[in-house]
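Shown next, in structure tokens, is the structure this report addresses.
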Amino acid sequence: MDRPMDEIRNEWRAARAIARKELLVFRRYRLNAVNQVLQPLYQTLIPGVLLGATFAVGGEALGLAETAGTTDLTGYLFLGMLALNLGSAGFWAVAYSLKMELDAGTLEPGWLTPTRRETFVIGMTLAGLVFALLATAILLAIGTWFFGAQLAPRLVVAIPALAVASIGVLGIGYLIGAIVLRMREGNFFVDATDFIFVALSGAAFPIVVLPEAVRWISYLLPTTYALDLMRVAALDTRPLLAVPLEWVAMALTSVALVAVGRAAWLSTEHRMRMLGTIGQH
Amino acid sequence: MSLADLRGDVRAFGAATIKEWRILRRYKGSLLSFVFWPIALPLAYVFQAHAFSGGRADTAAAFAARTGTNEVAGFLFVGWATYMWLSIILWGPGTSLRTEQVRGSLEAIFLTPASRLVVLFGPAISQLVWAIWIFAVVGVALWLGFGVSIGPLEAARALGVILVGIPALYAIGALFAAVVLRFGEVSALVQGVRGLFTAVCGMSFPIVVLPDLAQRVALSLPPTYLIADLRAVLLTGAGIGQVAGDLLILAAMGGLLAVLAAYAFRRTEQYARRGGRLAQY
């Protein structure tokens, strides 16, 4: 039997291979890839900036200063798009890949290999995160050149924040994977939960404007803290909690999300093996 | 065309409508989406508007001055409901052609003596039912959630605006259908055009906040007039006479686009038939 370290190394190699395969498939559909990078621009940023301009007084976003502590509307929404990208990595990368495997009938053969089932989700999420990273870099470049955003130098804090939040994104990947396997046709569900997740993370507006009961759900999402920490660092916005507390909350919610998601995934996988429905779609 | 042909086409229209309705009913997730999105999408923008307003009198006054109404929720709900309806009409004919192409039933349909109009717009009739549903959901949400009530007179005026807008929108839908026949996969193009509409047609903002060039682009697109006129008759109490100028432009655009769409569709159909490409995808 392999030693634990060897097993981890093997699983990591398998996860990288799965991520490489997913990125290869993604690269084949170039127009779709370009569209996915640009979608947050025209679906979130531009309508948001223009709605902000409708409320502007003397060209200043005075209302945003009241609710978020900054008048830099473009910068605020630009950083919100990072949450959008991160969310998509967890939601769509896993949902789309699993659905493709189900439809192509390749999920069952894949699961017959000695690779752990959890590793498949890790690989798919990894591919989503790589794509999210690339999309973010391109969007930041666009933001700097076209919108004059001055975010890049102050975003060093984003690296550790994104790294911690990525653990939570893996948890989402597990949860979404379990749902896709159970529902088989879960496009609407994935789309709707992705939308709610991104909105409640505060991508498009500060969560202080949400009703109090809903706000508590926001506090359970690691992306809420990741985004808030980035905004505090880059735009001097008012933090939701004290900054050290936000780091702790982000780490705790990320770990909790992975634990819940992994449990859901393992239970779904077990159920499907018992029922023999892995090959159905 | 004889009376018998006309009767046959009407029957074919009815059959196409019933078929689409049955398919839609089978996927319960799609039904849920028709309740979720008309409420969730505008609601996110309402929260964003609250954040941008910041509860200040000067920002609220700026909004009212630029939009001509104090009804922030009404403004956003009507804008996004129109957007969702537009999406259904614009992408409906192309999407249903593409679906038939992928299923391999398009060639068989083209062999029937039914008019091409039936092939193109038969499914769109059932989608019109959903458009009415979207507006009904939005009306109820506005009434229950924000106390904005829309009377029968305003609703009748809105229906008038919609009727004038239909030829232009269906013609754009037919143009997309022609592109589907010519190139097959067009989702990236569809997303791009949807992005253009979102960015300039004023779903979440009045077009006066756009730069000059973008305003000119917006004024050359039918959805801009449709959204502005629907808002005028539903939220500001404007009569049909007050938006008559816009409606004339919309009708003229409809006529022009219909001629263009008929020509483009006939040419691409000839191309597909001669090249034996109807069944290819």
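From the list A:L175, A:L181, A:L220, the lone residue that is among the hydrophobic types (A, V, I, L, M, F, W, C) and at pLDDT 90 or above is A:L220.
Please state which one of B:R157, B:R116 is surrounded by 20 or more Cβ atoms within 10 Å (Cβ to Cβ) and basic (K, R).
The match here is B:R157.
Scanning the stretch A:49-82 for residues that are in a helix (DSSP H, G or I), over 17 Å from B:V208 (Cβ atoms) and either within 13 Å of chain B (Cβ to nearest Cβ) or more than 25 Å from the chain's Cα centre (by Cα) (or both) yields A:L62, A:G63, A:L64, A:A65, A:E66, A:T67, A:A68, A:L73, A:T74, A:Y76, A:L77, A:G80. Looking across B:I134, B:I172, B:I162, B:I109, one residue alone is buried (at least 17 other Cβ atoms within 10 Å of the Cβ), without any contact (Cβ under 8 Å) to a residue 12 or more places away in the chain and not polar (S, T, N, Q). It is B:I109. You will find that of A:S267, A:S254, A:S218, the residue that is exposed (fewer than 13 other Cβ atoms within 10 Å of the Cβ), of a type in the set (S, T, N, Q) and out of contact with any Lys or Arg (no Cβ under 9 Å at 6 or more places or on another chain) is A:S267 and no other. When the stretch B:25-65 is filtered for residues that are among the aliphatic types (A, V, I, L, M), exposed (fewer than 15 other Cβ atoms within 10 Å of the Cβ) and at the interface with another protein chain (Cβ under 7 Å from one of its Cβ atoms), only B:L32 remains.
Listed by first and then second residue, the pairs linking a residue in the stretch A:134-160 that is over 12 Å from A:L41 (Cα atoms) and in a helix (DSSP H, G or I) to a residue that is modelled with pLDDT under 70 and hydrophobic (A, V, I, L, M, F, W, C), with Cβ atoms under 7 Å apart and 6 or more places separating them unless they lie on different chains, are A:T144/A:A152. With the structure loaded, tell me whether A:G87 is touching a helix residue (DSSP H, G or I) at 6+ places or on another chain (Cβ under 7 Å) and at pLDDT below 80 or whether it fails that test. Spelling it out, A:G87 is indeed touching a helix residue (DSSP H, G or I) at 6+ places or on another chain (Cβ under 7 Å) and at pLDDT below 80.
Pairs linking a residue in the stretch A:186-215 that is facing chain B (nearest Cβ under 7 Å) to a residue that is polar (S, T, N, Q) and in a loop (DSSP other than H, G, I, E, B), with Cβ atoms under 8 Å and 6 or more positions apart or on different chains, are A:P206/A:T237.
Of the residues making up the stretch B:205-227, those that are within 14 Å of chain A (Cβ to nearest Cβ) and buried (at least 24 other Cβ atoms within 10 Å of the Cβ) number 3.
Residues in the stretch A:83-129 that are in a helix (DSSP H, G or I) and open to solvent by 60 Å² or more (accessible area, probe 1.4 Å): A:W92, A:Y96, A:M100, A:D103, A:A104, A:E108, A:P109. Number of residues in the stretch B:164-194 that are at pLDDT 85 or above and farther than 19 Å from B:L221 by Cβ equals 0. Residue pairs whose Cβ atoms lie under 7 Å apart, sitting 6 or more positions apart in sequence or on different chains, and linking a residue in the stretch A:25-43 that is at the interface with chain B (Cβ under 10 Å from one of its Cβ atoms) to a partner that is surrounded by 19 or more Cβ atoms within 10 Å (Cβ to Cβ) and of a type in the set (S, T, N, Q), are A:N35/B:Q191; A:Q39/B:Q191; A:Y42/B:T198; A:Q43/B:T198.
Residue count for the stretch B:147-197, restricted to those that are away from chain A (no Cβ under 14 Å) and either over 24 Å from B:P42 (Cβ atoms) or assigned to a helix (DSSP H, G or I) (or both): 30.
Being modelled with pLDDT under 85 and under 29 Å from A:G52 (Cβ atoms) holds for only one residue in A:V214, A:V208, A:V156, and it is A:V156. Quick check, is B:L3 exposed (fewer than 15 other Cβ atoms within 10 Å of the Cβ), within 11 Å of chain A (Cβ to nearest Cβ) and not basic (K, R)? No, not satisfied. Residues considered: B:A62, B:A12, B:A4. Of these, the only one that is touching a residue at least 24 places away in the same chain (Cβ under 8 Å), farther than 23 Å from B:Y225 by Cβ, part of a helix (DSSP H, G or I) and over 22 Å from the mean Cα position of the chain (by Cα) is B:A12.
The values are calculated or read from the model by the stated rules, or taken from the named source; none is laboratory data. Fair warning: this is a prediction, and the values are worked out from it, not measured in the lab. Please note: Cβ atoms are built from the backbone with ideal geometry, for glycine as well, and neighbour counts cover all protein chains shown. Ligands, DNA and RNA are stripped out before the accessible areas are found, and what is left, the full protein with its side chains, is counted by its heavy atoms. Shrake-Rupley method; radii C 1.70, N 1.55, O 1.52, S 1.80 Å.
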